[in-house]
Every structure is written in C-alpha cells, then in structure tokens.
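The next block holds one structure in the form of structure tokens; read it before the comments.
The values are calculated or read from the model by the stated rules, or taken from the named source; none is laboratory data. Keep in mind the model is a prediction, meaning the values are calculated, not measured. Note that each Cβ is placed from the backbone with ideal geometry, even for glycine, and that neighbours are counted across all protein chains shown. For the accessible areas, the whole protein counts, side chains as well, though only heavy atoms, and no ligand, DNA or RNA atoms are used. Shrake-Rupley method; radii C 1.70, N 1.55, O 1.52, S 1.80 Å.
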Amino acid sequence: MKVDGVAYRSIWRDPSETTVTVIDQTLLPHRFQTLPISNVADAIDAIKRMVVRGAPLIGVTGAYGYAMAMRDDPSDANCDAAFDAINAARPTAVNLRWALERVRDEVRKHPPAGRAAAAYAAADRLHAEDIETNGTIAANGARLIREIWEANGRSRPVNVLTHCNTGWIACVDWGTALGAIYRAHDDGIPVHVWVDETRPRNQGASLTTWELGAHGVPHTLVVDNAGGHLMQHGQVDICLVGADRVTASGDACNKIGTYLKALAAKDNDVPFYVVLPGSTIDWRIEDGVTGIEIEERAGDEVTHISGIAGDGSIVKVRLTPKGTRAGNPAFDVTPARLVTGLVTERGVAPASRDGLRKLYPERG
Ligand code: MRU
C-alpha cells in the first residue's frame, strides 16, 4: 500500500542486511516514522510496545526476531530459549507461535553454522506468503460485499462495520477484513465503512481511519458503543472483523469489544463475518472462552489517552482521577454461534468444526 505515493510494506528487509525495518505504529496517524529492528531484544520490545501489532504482523516480526537470534547464537539451547522469549511477548495472537514454529522447524534441520541462513530464508518466505494469502482473502471477502451490493440492486453503497485495525499495517500488506474492503473498493463497488474507535488504544480511530483515508475509502468514525444503535436503524449491511485466534470449532478471539458487536449483529440479523488467514486457527483448542489466554495490558492504556497537541507534539493525558484502578483485557471471544462465516484464503466456511475441516482437510 502507498503512503504519500510511496509503496510500503509494514515490515521489510534489504536482502543484503540481517536487520528489518518497521513502521512505528505507536506514532500513527500523527507521525510516519520507521524503526530498525536489529536484534531479538528489539523484536520483542517492538511486539510488546505495539510498535508492530496485528496478529499476522506480530508473527512475521517474531520470525525475523528468531532469525536474528540464530545469527547471534545458533546453539541448540538458543533454538528453544529464543522461541520461548519471543513467544511470550504477546500471548493471544496465535500467529506468533505459528510463525516461530515454522522457522524453528526449518532451523532444526541444520547444524548451528547453517541455522541463521535457514531462519532468514524461512522468515522471508513467511513475509511473501502473508502478502499472497491476504490478497486471496481480500478477494474472497470482497465477494460478500459484492453480493450485498447486487442484492440491493446496486442502488447504494454497502455499509460495513469494522472493529480495531485489520489493514495492511496489521499484516505485511493488504490486511484481512480491511483487505476485503480495499478489494471491493478497487473493484468499483461503493463501500462506506463505520470504524469503531476501539478503546483503549484506539486502533480504529488512529490506524484504520489513517489507512482508509489514504486509500480513498469513504468512512465514518464512531464510538465503540454506537454499533448496536446503527444496526438497529438499518445502517449496517455487514460486519467484517479480524481475529487473533480462532479455535478448531470456530470461536473467534479478537480485539476487546468484538463480542458485543456480534451480539448486536445477531439481534439485528446483520451478517457477522470473521476474516482470517489459516495461520490464525489454533487447532489444539475447541472452546475459545476457556481455552484462550486473554492478554491483560497495563491500566494506563485505559486511564490515559494520547493524541497530538496544538504545538504538534504527541502527548499523553489522564482521563480519570489520579490513582483510579483500571482493568484492561485486550481481547474477547465471540462464540461460533454468533459468527455467520469465516473468510479465509481457502474460501468462506461456516464457523464450525465441520466448516473448518472442509477448508483444511489436512487437519483431519
Ligand atoms: O492489539 P492489536 O492491535 O495487536 O490487536 C489487533 C486485532 O485485534 C486485529 O483485529 C487482529 O489482529 C486481526 S489483524 C489482521
């Protein structure tokens, strides 16, 4: 995708270098600044501080971090130690573990001297695959938007509600739910997006609006609590959200607040689709509510908010009385019964064990 006319990916590597560069997402939309990741500690820090975020991008960043760990210490002990350290950086998005397993499996085929090269090659493959996978997901998701447009006699834009940020900066390129919207827009389907602000970190307000604006997709920012009202009044044709982990039976864990949108969608007969790559499916877990670890983040993300001041500086201000205790679960689980369908690179499936097995028969 382009930023001020220049094509970017959310993470990239000059093949002659062993470092990677990312966009510092903590500064968007106010400042576009890139940041080098030079070693495994940098990679862990970038994931923890959400310089990089979004399940697929966390996975690819973790893979490069692992390659840097192998460059610096390719010992047997570090194959596992680096894996554990990176995997612990954020607990909920399963793409991180998936990507680390892919790279570690490659690395283990080699003696120490060959491990760094094998790890970089594997991480580069994940980077390329992410772009291809998301391009296919976007096409599959755009078909759903087209169907609604056709069903309405092509008479008006399709109103999509989305939560958090699932765009190209959450992946390597394209995005998942937002990728489907980009593809529909690029195909000439008129789309309007309701963007949930997504408290507490405001990925919708800060990142999704930035992306949609840059791509020319009409959108309106709403507070997180507006979705139910909009659905009751016929102003939402379809909800498209991403996921950080989907269980083998189709429960979908995504940014906190997603579950409430799914409940409102069910009550108002609005189709609710979760858009994800296969790497987001955790085949080991059936029940998402009891089986998925929900990241608890620092309370100051709730008690404080950051934005741009009149003098152009980025400032953080307190919203609450000093010392207010805040809880901050970062994700929630939408049970499969509330999900109309799962949109993947292999097509659209019902959110169920059977639906997923049909798309991924190799999983038995
Ligand atoms: O905490 P974040 O910003 O990493 O959470 C991101 C989300 O919840 C996204 O919806 C999800 O990762 C899917 S992104 C393609």
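Only a single criterion out of (1) within 12 Å of the ligand (Cβ to nearest atom); (2) open to solvent by less than 10 Å² (accessible area, probe 1.4 Å) is not satisfied by Leu100, namely (1). Across segment 30-58, the number of residues qualifying as small (Gly, Ala, Ser), in a loop (DSSP other than H, G, I, E, B) and away from the ligand (no atom under 12 Å from the Cβ) comes to 1.
Among the residues of segment 205-223, those that are in contact with a helix residue (DSSP H, G or I) (Cβ under 8 Å, 6 or more places away or on another chain), within 16 Å of the ligand (Cβ to nearest atom) and under 24 Å from Val302 (Cβ atoms) comprise Leu207, Thr208.
Tell me, which residue of segment 319-336 that is among the charged types (D, E, K, R) and exposed (fewer than 12 other Cβ atoms within 10 Å of the Cβ) is nearest to Arg357 (Cα to Cα)? For segment 319-336, the residue satisfying everything is Arg325. Is it the case, given these coordinates, that Ala123 is part of a loop (DSSP other than H, G, I, E, B) and either at pLDDT 95 or above or in contact with an Asp or Glu (Cβ under 7 Å, 6 or more places away or on another chain) (or both)? So Ala123 fails the test. Among the residues of segment 299-316, which ones are part of a loop (DSSP other than H, G, I, E, B) and surrounded by fewer than 12 Cβ atoms within 10 Å (Cβ to Cβ)? Those that are part of a loop (DSSP other than H, G, I, E, B) and surrounded by fewer than 12 Cβ atoms within 10 Å (Cβ to Cβ): Ala309, Gly310, Asp311, Gly312, Ser313. Does segment 73-86 include one or more residues that are of a type in the set (A, V, I, L, M), in a loop (DSSP other than H, G, I, E, B) and farther than 22 Å from Ala138 by Cβ? No, the conditions are met nowhere in segment 73-86. The set of residues in segment 264-296 being closer than 22 Å to Ile58 by Cα, open to solvent by 40 Å² or more (accessible area, probe 1.4 Å) and either within 16 Å of the ligand (Cβ to nearest atom) or in a helix (DSSP H, G or I) (or both) consists of Glu293, Ile294, Glu296.
Yes/no per residue for (1) within 16 Å of the ligand (Cβ to nearest atom); (2) over 15 Å from Glu211 (Cβ atoms); (3) among the β-branched types (Val, Ile, Thr); (4) outside any strand (DSSP E or B):
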residue	(1), (2), (3), (4)
Ile137	yes, yes, yes, yes
Arg146	no, yes, no, yes
Leu161	yes, yes, no, no
Cys164	yes, no, no, yes
Ala184	no, no, no, yes
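Scanning segment 118-168 for residues that are under 19 Å from Phe83 (Cβ atoms) and buried (at least 16 other Cβ atoms within 10 Å of the Cβ) turns up Ala118, Ala119, Tyr120, Ala122, Ala123, Asp124, Leu126, His127. Pairs are defined by a Cβ separation below 7 Å, a sequence spacing of at least 6 or placement on different chains, a first member in segment 297-319 that is closer than 14 Å to Gln203 by Cβ, and a second member that is in a loop (DSSP other than H, G, I, E, B); the pairs so defined are Arg297/Asn328; Arg297/Ala330; Glu301/Pro200; Glu301/Arg201; Glu301/Asn328; Ile305/Leu319. Considering Ala326, Ala349, Ala309, which residue is under 19 Å from Val223 (Cβ atoms) and at pLDDT 95 or above? Answer to the check: Ala326. Residues of segment 235-250 that are within 15 Å of the ligand (Cβ to nearest atom) and either open to solvent by 10 Å² or more (accessible area, probe 1.4 Å) or among the charged types (D, E, K, R) (or both): Ala243, Asp244, Arg245. For the condition within 13 Å of the ligand (Cβ to nearest atom), under 30 Å from Glu106 (Cβ atoms) and not charged (D, E, K, R), Gly175 qualifies.
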